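Nothing in this text is a laboratory measurement; each read-out follows from the coordinates by a stated rule. Predicted, not measured: the structure shown is a model, and the values here were computed from it. We place every Cβ from the backbone using ideal geometry, glycine too, and count neighbours over all the protein chains shown.
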């Protein structure tokens, strides 16, 4: 008799489509972009393939290695990546997840790109960093039309070229950002890196940057002090004459999350750079890039949720306990439906924000104002929900989820990053207050938007009324910023679901996140919710 037989193990399938998810199709249809669904499905099919999932495993298992010198002693400051990382980058660029949306002449380029980005998120988190920064850099780069003319078109080409060479000699480029310093963190006005103008119009930049991710990008936007204050600069790795810029990698960070991408400390020692935007206006200039990376943090968290939910649903559908499949156990159904509700709310909101981006870049001032406040509150709240979500999804797999082979620990470790990136929770919450102080009309725009669902749901109506009262006392609003901004985010999500989402999901969301029936953990949906419909919408189907 065999002493070892494998029974009752849930097998994670391949051959699914990560984009075959109703909120994605509904968002595209609602925007009039149904004709672009096929390319989104193509991205989702590739993202869920055995080939790409294995690339993600390999890239994560073989972290990048820093080489400060070549064999002869010359300083080179290069990072060597596993071939799997380069293959993932090639796929992502082929799909247009980098800067291609800015040159896409078809309708709804940013919404389409966001839908593909969301589906692609399950492949590997690390390589999405340079992809997202390359997408985000273009609005900031346009503050210097001359530099934009040289660089922008190269950021949109669907070719991946990892070779270090003068940027203007390459057909395609990748971009990064290098802002924070050890003494300041998010307080970039405390930066000490210094820039000195020289006669040819460039600057010599000296200082140390505490976090610079993807240091093999072709150029970086960085912040440095001039006599006028904090200013934004473009610093290439390779100078126009082919020599290496004085861009020295001190070490790679040993991060909590993904290991496939390198995050580094950089020293500029009279590095050559060119100004982007006016002197002293570095923060408003680079915030153009930050706002776009915040969109990707929101979309990426929704993708993380989708990935964790898919794993949990697959496990519960195949695994039996106490005589029944987990998916048929009432309490597990409650937990899974609660996770699915959270995922659908985050997805709907993230894609709505991407649609607003399409409108804002064409000059729609109302869309720009709505996007400004909507993105700020959503980045705060949705990204904050990521770690709790990842922990619950992992727990659905029990001990199997705690083992690295399940990929769930990777998800769990990565979950805090979007909340930290470009400003942790306090910074994000205070940014909402800053937006309202500088542009008071954004609050009016926000309430006009969420009240479009007025009268359709009593819990939502009560939540809106309660939220309005929060702004009666501005003296203590900074102290209450997290509470207020979190309430704004939930009201926004509830309003979007009531207007555009599936009724079962909307009911579950408003009864819990906006009502009084939600506990302090997942799995507290009240009775009467159409759990079956929620789970049906969340379950991926086999490809045809």
Residues 168, 512, 347 arranged by fewest to most Cβ contacts within 10 Å: 168, 512, 347
Centre separation in Å (Cα based) which lies between the stretch 394-417 and the stretch 429-464: 35 Å
Given only helices, namely DSSP H runs of n ≥ 4 each adding -39500 (n - 2.57), what is the per-residue ellipticity at 222 nm of the chain, to the nearest 500 deg cm²/dmol? -16000 deg cm²/dmol
Kirkwood Rh (inverse of mean 1/r, distinct Cα pairs), the stretch 42-87, angstrom: 12.3 Å
Could you work out how far helix 37-47 tilts from the main Cα principal axis of the chain, as a 0 to 90 degree angle to the nearest 10? 80 degrees
Give the percent of DSSP beta bridges with both residues in the chain that are antiparallel, rounded to the nearest 5. 90 percent
Where a ≥ b ≥ c are root eigenvalues of the Cα gyration tensor, a/c under 1.5 meaning rounded, otherwise prolate if a/b exceeds b/c and oblate otherwise, the stretch 119-191 counts as oblate
Rounded to 10°, Cα long-axis angle of helix 330-360 versus longest principal axis of the chain: 40 degrees
As a footprinting exposure proxy, order 174, 41 by other Cβ within 10 Å, with the fewest listed first. 41, 174
At what distance in angstrom do the alpha carbon centres of the stretch 12-60 and the stretch 121-167 lie from each other? 23 Å
How long are the semi-axes of the equivalent ellipsoid of the stretch 84-209, taking √(5λ) for every eigenvalue λ of the Cα gyration tensor, in whole Å from largest down? 28, 19, 15
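Would you kindly calculate the mean projected area, averaged across all directions, of the convex hull enclosing the Cα atoms of the stretch 284-538, in square nanometres? Walk me through the numbers before you get to the answer.
Numbers: hull surface 55.3 nm².
Projected over every direction and averaged, the Cα hull of the stretch 284-538 covers 13.8 nm².
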Taking 383, 217 and counting other C-beta atoms within 10 Å, the order from fewest to most: 217, 383
Take the Cα atoms of the stretch 7-53, find their three principal axes, and give me the spread along each one in whole Å, biggest first. 47, 21, 10
From a point 7 Å beyond the Cα of residue 12 in the direction of its Cβ, which residues of the stretch 51-65 have a backbone N at a distance under 19 Å? 51-63
Tell me which label goes with the value of mean projected area of the Cα convex hull in nm² computed from the coordinates here: (i) 27.5; (ii) 31.1; (iii) 26.0. (i)
Give the peptides 4-12, 430-438, 409-417, 239-247 in descending order of average Cβ contacts within 10 Å, highest first. 409-417, 430-438, 239-247, 4-12
What is the Cα radius of gyration of the stretch 328-425 over 2.2 N^0.38 Å, N being its residue count? 1.32
Burial ranking of peptide ranges 224-232, 145-153, 289-297 (average Cβ count within 10 Å, highest at the top): 289-297, 224-232, 145-153
Which angle from 0 to 90°, rounded to the nearest 10, does the C-alpha axis of helix 83-94 make with the longest principal axis of the chain? 80 degrees
Expected sort for 258-270, 333-345, 454-466 on mean C-beta neighbours within 10 Å, highest first, is 333-345, 258-270, 454-466
With the contact rule set at Cα under 8 Å and sequence spacing of 6 or more, what percent relative contact order holds for the stretch 284-538? 26 percent
Taking a ≥ b ≥ c as the square roots of the eigenvalues of the Cα gyration tensor of the stretch 388-467, is the shape rounded (a/c under 1.5), prolate (a/b larger than b/c) or oblate? oblate
Once normalised by the length of the chain, the mean sequence separation of its alpha carbon contacts under 8 Å that are 6 or more apart gives a contact order in percent of 15 percent
Find the relative contact order for the stretch 198-346 and round it to a whole percent, using C-alpha pairs within less than 8 Å whose residues are 6+ positions apart. 24 percent
Cα Rg, Dmax (largest Cα-Cα span) when computed across the stretch 22-280, Å: 18.8, 60
